[in-house]
1. Give the long-range amide H neighbours of Ile98: residues separated by 5 or more places, or on another chain, with amide H under 5 Å away, using H modelled in the peptide plane at 1.01 Å from N.
2. Going by amide H atoms built from the backbone, whose H comes under 5 Å of the H on Ile132, apart from near neighbours?
3. Rounded, prolate or oblate, given the Cα gyration tensor of segment 62-178, with a/c below 1.5 counting as rounded?
4. Taking θ as phi - 60°, what are the ³J(HN,Hα) couplings along segment 53-64 by the Karplus curve (6.51, -1.76, 1.60), each to the nearest whole Hz, with x for Gly and Pro?
Amino acid sequence: MRLLRVGMSINNIVLNATLLEGLYNKSLVTIAGTAPVTNSLPKEKAPPAKPIACLGKNQQQITIVVAYQDQAFLPDEHLKLLTTILQACNLNMGDVAIVNYEQTPANFEQLKTQLSCKTLLLFGLMPEVIDIPAMPAFTITRFNECSVMWGNSINDMMDGAEARVVKSKLWLCLKGYFGV
């Protein structure tokens, strides 16, 4: 949480109840014969986790995260390419859960908790965006009991010579991981 904005003076800092409680969690003065009062401010409750909207049945607990601002999940032609990639890995839409980060911004812990993901594939998102440490692209890396891979967006794999290079990097990674 950002407390001090550029241009603000130190005299205008706004502290919420949780921060105040953390700063002053013990009584400053103890009066003889009385117990010190602690934790007197009400705790702010964390907002309930928003359910993660996903496409697919998630039977293999494989979560695919994409990022499209103007789509519920992803455009039809991108879904078609993704479905072809899944079929090459002997998977289908019943095996995966596709999440659009732009519509449902979830961090790693939320994805792991709500979708029980054992495999996480990020397309067009760097791992740091969802609170995963930096890792090389197109490499399966273990993080918190989950296999994670990130790489270019599906749009980058649509057409042209560069798209073929990106698809081949992805295929080499997935082929080894899924044993196809």
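1. Residues meeting the criterion, in which the H sits 1.01 Å from N, are Leu55, Gly56, Ile64.
2. Placed amide hydrogens put nothing under 5 Å from Ile132.
3. Details: a/c = 1.40, a/b = 1.21, b/c = 1.16.
Verdict is rounded for segment 62-178.
4. 6, 9, 10, x, 9, 6, 5, 9, 6, 10, 9, 10
Every number here is computed from the coordinates shown, using simple stated rules; none is lab data. Since this is a predicted model, take the numbers as computed values, not measurements.
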